[in-house]
Amino acid sequence: MERVLVYGEHSGVFEQQLKKFNIDVVDEDPDVVVAIGGDGTFLESEMFYPGIPKILIKHAYDCNQCDKHDYSKLIKKFLEGKYTIISQLKLEAVVNGNEKKKLVALNDVNIHYTPPRALRVEVSVNNKVVAPLVIGDGVVVATPYGSTGYFNSITKKKFKKGIGLAFNNPTKDIKHLILNDEAVIKVKILRGEGVVVVDCDDDGIDIKEGDEVVVRKSLSEANIVQLKGFNLKITKY
């Protein structure tokens with residue numbers, strides 16, 4: 001029997017329904033994680049339990065109807081093995097070659113200015129300069145999974161393959177790029193101060209003039225359980 005951990009502020013109802021099926025509900029070392037909440041909950045669950053297969057269940061912010069939901073259909077699908085594991089690309093960001101402080105993202109890497117002064121950066125892809133001087137709020141590098149978030153709010157675009165590179169509020173229009181997933185993006189800070197953050201992680205890395213941020217595909221992946229007959233993010237039970 002799989003060891004299942006339910007992650008999220010309103011996890012109690014789902015845990016009770018799992019126990020009716022004699023599923024081993026645990027607080028640590030899970031085989032599967034059920035992330036129940038919004039996009040932030042999903043990202044947090046991957047941050048705390050990286051690589052472990054996850055069932056994503058989305059609900060309203062206040063979850064005022066959660067105690068009325070019947071999850072038995074999707075629980076049965078899982079127990080019957082009627083699902084596939086969908087692997088999702090993740091990114092890693094390293095500042096000045098310091099691998100010990102590597103950041104890993106499922107959604108995006110956000111290189112952002114610290115107010116009040118804009119960042120001035122040079123951006124290269126595979127050692128070729130694609131933007132010699134960008135003045136603005138910064139740069140966002142996104143995965144396909146994360147392209148519906150901050151990347152989309154900047155570019156109004158989404159993508160299914162590769163790595164997305166967006167320029168955040170530049171003083172001169174610069175078209176976003178969709179790169180292959182082996183691309184290596186380097187962002188050199190020419191002037192200003194900022195921070196590198198990933199997903200919903202509160203712990204970023206401060207950056208300043210002369211620093212270099214390298215973003216590339218991570219060796220690790222996220223694994224999402226897609227139950228037969230359900231969307232990847234389950235909204236109907």
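Below are the figures for this structure:
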item: Filtered residues of the stretch 40-67 (kept if farther than 16 Å from residue 226 by Cβ, in contact with a Leu (Cβ under 9 Å, 6 or more places away or on another chain) and modelled with pLDDT under 95); result: 41
item: Condition check for residue 73: modelled with pLDDT of 95 or more and either closer than 26 Å to residue 54 by Cβ or touching a helix residue (DSSP H, G or I) at 6+ places or on another chain (Cβ under 8 Å) (or both); result: no
item: Per-region count, the stretch 9-59, residues assigned to a loop (DSSP other than H, G, I, E, B) and touching a Phe, Trp or Tyr at 6+ places or on another chain (Cβ under 8 Å); result: 3
item: Residue in the stretch 26-40 that is in contact (Cβ under 8 Å) with a residue 60 or more places away in the chain and within 30 Å of residue 154 (Cα to Cα) present; result: yes
item: The stretch 1-37: number of residues that are in contact with a Ser or Thr (Cβ under 6 Å, 6 or more places away or on another chain) and on the phi > 0 side of the Ramachandran plot; result: 1
item: Tally, over the stretch 153-190, of residues that are part of a loop (DSSP other than H, G, I, E, B) and aliphatic (A, V, I, L, M); result: 3
item: Verdict on residue 153 being hydroxyl-bearing (Ser, Thr, Tyr), over 28 Å from residue 78 (Cβ atoms) and modelled with pLDDT of 95 or more; result: yes
item: Neighbours by Cβ (under 8 Å, 6+ apart or cross-chain): first from the stretch 110-130, without any contact (Cβ under 8 Å) to a residue 24 or more places away in the chain; second part of a strand (DSSP E or B) and not basic (Lys, Arg); result: 129/122; 129/123
item: Meets criteria (crowded, with 17+ Cβ neighbours inside 10 Å, part of a loop (DSSP other than H, G, I, E, B) and within 15 Å of the chain's Cα centre (by Cα)) for residue 230; result: no
item: Lone unmet requirement of (1) modelled with pLDDT under 95; (2) surrounded by 14 or more Cβ atoms within 10 Å (Cβ to Cβ) for residue 167; result: (1)
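Conditions (1) more than 27 Å from residue 45 (Cα to Cα); (2) in contact with a helix residue (DSSP H, G or I) (Cβ under 7 Å, 6 or more places away or on another chain); (3) aromatic (Phe, Trp, Tyr), marked per residue:
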{"site": "109", "(1), (2), (3)": "no, no, no"}
{"site": "130", "(1), (2), (3)": "yes, no, no"}
{"site": "135", "(1), (2), (3)": "yes, no, no"}
{"site": "159", "(1), (2), (3)": "no, yes, yes"}
{"site": "167", "(1), (2), (3)": "yes, no, yes"}
{"site": "201", "(1), (2), (3)": "no, yes, no"}
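The values are calculated or read from the model by the stated rules, or taken from the named source; none is laboratory data. Quick caveat, the model's predicted, so the values are computed rather than measured. Neighbour counts run over all protein chains shown; Cβ positions are idealised from the backbone, glycine included.
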